[in-house]
Amino acid sequence: MQETIAVIGLGYVGLPLAAAFGSKRPVIGFDIDSDRVQQLQSGHDKTREVSGEELAEAVYLSFTDRVEDLQQCSIFIVTVPTPIDQYNAPDLTPLVRASETLGKVLKPEDLVIYESTVYPGATEEVCVPVLERVSGLVYNKDFFAGYSPERINPGDKEHRVTTIKKVTSGSTPEIADKVDLLYAGIITAGTYMASSIQVAEAAKVIENTQRDVNIALMNELAMIFHRLGIDTHEVLAAAGTKWNFLPFKPGLVGGHCIGVDPYYLTHKAQAIGYHPEIILAGRRINDNMGAYAASALIKAMIRAGLTIAGSRVLVMGLTFKENCPDLRNTRVVDLIAELEEFGCRIDVTDSWAEPDEARKEYGITLVSDPEPGQYAAVVLAVAHNEYACLSGAQYRALLQENGLVFDLKGVLPAEHSDLRL
């Protein structure tokens, strides 16, 4: 008889994983948010990562917010968020609380696998001691641990949990084999067994750190080329004709991964006495891009003879990336805040974001139908399909006389916008 799996945390990472396992074996999806559990029990996922059909196909999957329901499980997979605090330090509170919850139901021979992004060593230095303390059990004698980093890309319908190669690891050689075999049962792209939990943790945290640094380079190049009066996207198109030129673009860097994970690595590096140079420099550049973009727009508006104070600006898109309702750590809010500092009146529209969530998290009331002919500037901040496919005439229809289109994402034909990063 197959062991029952519990997936702890049913967000963008946990739900697709639970559904994949739940189509093949008994799975209990656990979340402390009772509204989320009720929503999933009704067959609806507000994140749009798992369709109603996919939930229906997960015939062995059930949902609960009751800790006692987890007692029947022997494999626990933790997929809770690992954010940063206001000082850019790792906030492991969700991970610690999840570990405390599991400690209450942990039994001899049980296995706990962590998928949440952490710095190298966190699983065994932070999580395992919590499990031992609460359960009274001994690590690698009574219970075991594994780490298999999530690689979910929200909004991506091509690269799904089962079609992305999975890194696995375990606290003993035998457990490493068990963890790898477990995931091999659902991952069609195959698995890669790391030599240790720390190696797997480090592999995850550098994946997004690498992307962050590359985007920071593009952002710095954009600032240089802007001062030279050169279109950055034309430069990148020309450079991209070389076979090994990497296709990164400038832009705002937010979300729960790229804008967060590097701080986990730099935190650990500083804890051991090493001050990272390149990683933190890249973070500084990317964290300041909202303010830079706002300043570039204000300068363009002044050159166009537009009044700044009291001018209306429409920001199209609030989520951290295109075709996804995820508002976590969106850096569009930096752009909005900076424009408001200049005295602009900002309207924000987003075809994907949940209005209640936008209001609750950022105090932003979304506009569903922007008024034609009313805006001094329109900023394409998030390239949702609904926005990227609009014609130049449709953008111009939103503008007042001499109004500007700012294509922050660089997805519109050059002739359809007045300003690009």
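The values are calculated or read from the model by the stated rules, or taken from the named source; none is laboratory data. It should be emphasised that the depicted structure is a prediction, and the values quoted were computed from it without experimental measurement. No Cβ is skipped: glycine too gets one built from the backbone with ideal geometry, and neighbour counts run over all protein chains shown. What goes into the accessible areas is simple: the full protein's heavy atoms, side chains included, and nothing from ligands, DNA or RNA. Shrake-Rupley method; radii C 1.70, N 1.55, O 1.52, S 1.80 Å.
Does any residue of the stretch 98-112 turn out to be part of a loop (DSSP other than H, G, I, E, B) and within 28 Å of Arg284 (Cα to Cα)?
Pass one, the stretch 98-112, residues part of a loop (DSSP other than H, G, I, E, B): 104-110.
Going one step further and asking which of them are within 28 Å of Arg284 (Cα to Cα), we end up with none.
No, every residue in the stretch 98-112 fails to be part of a loop (DSSP other than H, G, I, E, B) and within 28 Å of Arg284 (Cα to Cα).
Here is a yes/no grid of residues against (1) in contact (Cβ under 8 Å) with a residue 12 or more places away in the chain; (2) of a type outside the set (Phe, Trp, Tyr); (3) touching a Gly at 6+ places or on another chain (Cβ under 7 Å):
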residue	(1), (2), (3)
Lys24	yes, yes, yes
Asp33	yes, yes, no
Val50	yes, yes, no
Leu70	yes, yes, no
Ile75	yes, yes, no
Tyr87	no, no, no
Leu102	yes, yes, no
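Only one of Glu207, Glu201, Glu234, Glu220 is in contact with a Pro (Cβ under 7 Å, 6 or more places away or on another chain), in contact (Cβ under 8 Å) with a residue 12 or more places away in the chain and in a helix (DSSP H, G or I). Can you tell me which? Break it down into steps so the answer makes sense when it comes.
Working: Glu207 fails: in contact with a Pro (Cβ under 7 Å, 6 or more places away or on another chain); Glu234 fails: in contact with a Pro (Cβ under 7 Å, 6 or more places away or on another chain); Glu220 fails: in contact with a Pro (Cβ under 7 Å, 6 or more places away or on another chain).
Just one listed residue meets the conditions, Glu201.
Looking only at the stretch 308-326, decide whether some residue is in contact with a helix residue (DSSP H, G or I) (Cβ under 7 Å, 6 or more places away or on another chain), modelled with pLDDT of 95 or more and assigned to a helix (DSSP H, G or I).
Among the residues of the stretch 308-326, not one is in contact with a helix residue (DSSP H, G or I) (Cβ under 7 Å, 6 or more places away or on another chain), modelled with pLDDT of 95 or more and assigned to a helix (DSSP H, G or I), which makes the answer no.
Residues of the stretch 308-340 being among the acidic types (Asp, Glu), open to solvent by 50 Å² or more (accessible area, probe 1.4 Å) and touching a residue at least 24 places away in the same chain (Cβ under 8 Å), which ones?
If the condition is that a residue be among the acidic types (Asp, Glu), open to solvent by 50 Å² or more (accessible area, probe 1.4 Å) and touching a residue at least 24 places away in the same chain (Cβ under 8 Å), then Glu322, Glu338 are the ones that fit.
If you check every pair at least six apart or on different chains, which have Cβ atoms under 9 Å apart with a residue in the stretch 174-197 that is under 16 Å from Tyr114 (Cβ atoms) and free of Cβ contacts under 8 Å to residues at least 24 places away in the same chain first and a residue that is part of a loop (DSSP other than H, G, I, E, B) and among the hydroxyl-bearing types (Ser, Thr, Tyr) second?
Listed pairs, sorted by first residue: Asp180/Ser148; Asp180/Ser169.
Examine the stretch 81-94 for a residue that is in contact with a Lys or Arg (Cβ under 9 Å, 6 or more places away or on another chain), at negative phi and either of a type in the set (A, V, I, L, M, F, W, C) or part of a loop (DSSP other than H, G, I, E, B) (or both), and state whether such a residue exists.
Taking every residue of the stretch 81-94 in turn, at least one turns out to be in contact with a Lys or Arg (Cβ under 9 Å, 6 or more places away or on another chain), at negative phi and either of a type in the set (A, V, I, L, M, F, W, C) or part of a loop (DSSP other than H, G, I, E, B) (or both).
Against the conditions (1) closer than 17 Å to Ile152 by Cβ; (2) in contact with a Leu (Cβ under 8 Å, 6 or more places away or on another chain); (3) at pLDDT 95 or above; (4) surrounded by fewer than 24 Cβ atoms within 10 Å (Cβ to Cβ), where does Thr47 fall short? Just the number, please.
(3)
Pick from Glu150, Glu125, Glu100, Glu132: which is under 29 Å from Ala269 (Cα atoms), acidic (Asp, Glu) and open to solvent by less than 20 Å² (accessible area, probe 1.4 Å)? Before the answer, list the steps.
Working: Glu125 fails: open to solvent by less than 20 Å² (accessible area, probe 1.4 Å); Glu100 fails: open to solvent by less than 20 Å² (accessible area, probe 1.4 Å); Glu132 fails: open to solvent by less than 20 Å² (accessible area, probe 1.4 Å).
Step by step, each of Glu150, Glu125, Glu100, Glu132 is checked, and only Glu150 is under 29 Å from Ala269 (Cα atoms), acidic (Asp, Glu) and open to solvent by less than 20 Å² (accessible area, probe 1.4 Å).
For Gly255, work out the one condition from (1) open to solvent by less than 10 Å² (accessible area, probe 1.4 Å); (2) touching a residue at least 24 places away in the same chain (Cβ under 8 Å); (3) part of a helix (DSSP H, G or I) it doesn't fulfil.
Result: Gly255 fails condition (3) only.
Within the stretch 258-295, can you find the residues that are among the aliphatic types (A, V, I, L, M), open to solvent by less than 10 Å² (accessible area, probe 1.4 Å) and under 25 Å from Glu341 (Cα atoms)? Please lay out each step first, then the result.
Looking only at the stretch 258-295, we keep the residues that are among the aliphatic types (A, V, I, L, M), and these are 258, 260, 265, 269, 271-272, 278-281, 285, 289, 291, 293-294.
After this cut, where a residue has to be open to solvent by less than 10 Å² (accessible area, probe 1.4 Å) as well, the list is 260, 289, 293-294.
Result: Met289, Ala293, Ala294.
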